[in-house]
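Below is one structure, written out as structure tokens, with a few remarks after it.
The values are calculated or read from the model by the stated rules, or taken from the named source; none is laboratory data. Computed from a predicted structure; not experimentally measured. When we count neighbours, we look across all protein chains shown, and the Cβ atoms used for this are built from the backbone with ideal geometry, even at glycine.
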Amino acid sequence: MANPINTFLLTDLLKGLWTTFKNQKPSLVVTEQYPRERPPVMERYRGAPRLNTHPETAETLCISCNLCALACPEQLIVVTSERNPETRRKDLTNFTYDTSRCMFCGLCEDACPVDALELTQDFEMATFTREGQIWDRQMLEEGPLPTEYRH
Ligand code: SF4
Ligand code: SF4
């Protein structure tokens with residue numbers, strides 16, 4: 001039962017206010033000021049997929065082997081290619097990746113023999129439509145372009 005003297009003197013209220021006041025030191029504030037300040041991401045975090053290209057020629061590193069698609073338990077990767085009659089190699093024509101179904105397990109990345117497919121540390125992948133969650137080759141090569149917020 002509440003002590004009537006404490007109730008009269010508002011002791012409990014003052015104790016609560018003192019606790020709140022004590023924790024106002026900037027060093028104790030843990031709220032992340034996202035999106036103004038981007039949080040650090042763990043080294044092994046697996047986020048937005050990326051289809052890597054050669055840094056000098058900008059040609060895709062993907063050899064259209066389809067191993068990533070076969071490794072994916074969700075079967076959300078579709079690799080399309082056509083045989084080049086001159087080089088006898090398969091040229092990548094499109095690559096789609098349904099991020100809405102991805103569980104970021106990394107099996108596709110591990111299956112890729114040429115490190116073309118990579119799960120990056122980008123985490124801003126929200127869209128306004130379901131269709132926007134299906135990334136095509138261009139988006140996979142360029143990466144997401146998150147909105148920059150200013151204050
Ligand atoms: S991370 Fe896993 S679920 Fe996502 S595409 Fe790769 S293999 Fe499939
Ligand atoms: S495993 Fe790698 S090289 Fe093969 S299709 Fe997938 S991304 Fe391309």
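Do you know which residues across segment 56-72 are exposed (fewer than 12 other Cβ atoms within 10 Å of the Cβ) and closer than 18 Å to residue 144 by Cα?
58, the sole residue that qualifies.
Give the residue, chosen from 124, 131, that is away from ligand 1 (no atom under 16 Å from the Cβ), closer than 24 Å to residue 40 by Cβ and within 21 Å of the chain's Cα centre (by Cα).
124
Is there a residue being surrounded by 14 or more Cβ atoms within 10 Å (Cβ to Cβ), part of a loop (DSSP other than H, G, I, E, B) and touching a helix residue (DSSP H, G or I) at 6+ places or on another chain (Cβ under 9 Å) anywhere in segment 73-91?
Yes, because at least one residue in segment 73-91 is surrounded by 14 or more Cβ atoms within 10 Å (Cβ to Cβ), part of a loop (DSSP other than H, G, I, E, B) and touching a helix residue (DSSP H, G or I) at 6+ places or on another chain (Cβ under 9 Å).
Only residues that are acidic (Asp, Glu), within 13 Å of ligand 2 (Cβ to nearest atom) and surrounded by 14 or more Cβ atoms within 10 Å (Cβ to Cβ): list them for segment 92-126, please.
Selection gives 109, 118.
Scanning for something within 23 Å of residue 137 (Cα to Cα) and within 12 Å of ligand 2 (Cβ to nearest atom), does segment 33-50 turn up at least one residue?
Yes, some residue in segment 33-50 is within 23 Å of residue 137 (Cα to Cα) and within 12 Å of ligand 2 (Cβ to nearest atom).
Consider residue 36 against the criteria (1) loosely packed, with under 11 Cβ neighbours inside 10 Å; (2) free of Cβ contacts under 8 Å to residues at least 24 places away in the same chain; (3) not assigned by TED's automatic domain parsing to the domain that holds residue 135: it satisfies all of them except one. Which criterion is unmet?
Of everything listed in (1) loosely packed, with under 11 Cβ neighbours inside 10 Å; (2) free of Cβ contacts under 8 Å to residues at least 24 places away in the same chain; (3) not assigned by TED's automatic domain parsing to the domain that holds residue 135, residue 36 misses just condition (2).
Cβ-Cβ distance below 7 Å, separation of 6 or more or different chains: which pairs start in segment 83-100 with a residue that is assigned by TED's automatic domain parsing to the domain that holds residue 133 and at negative phi and end on one that is of a type in the set (Lys, Arg) and in a loop (DSSP other than H, G, I, E, B)?
100/130
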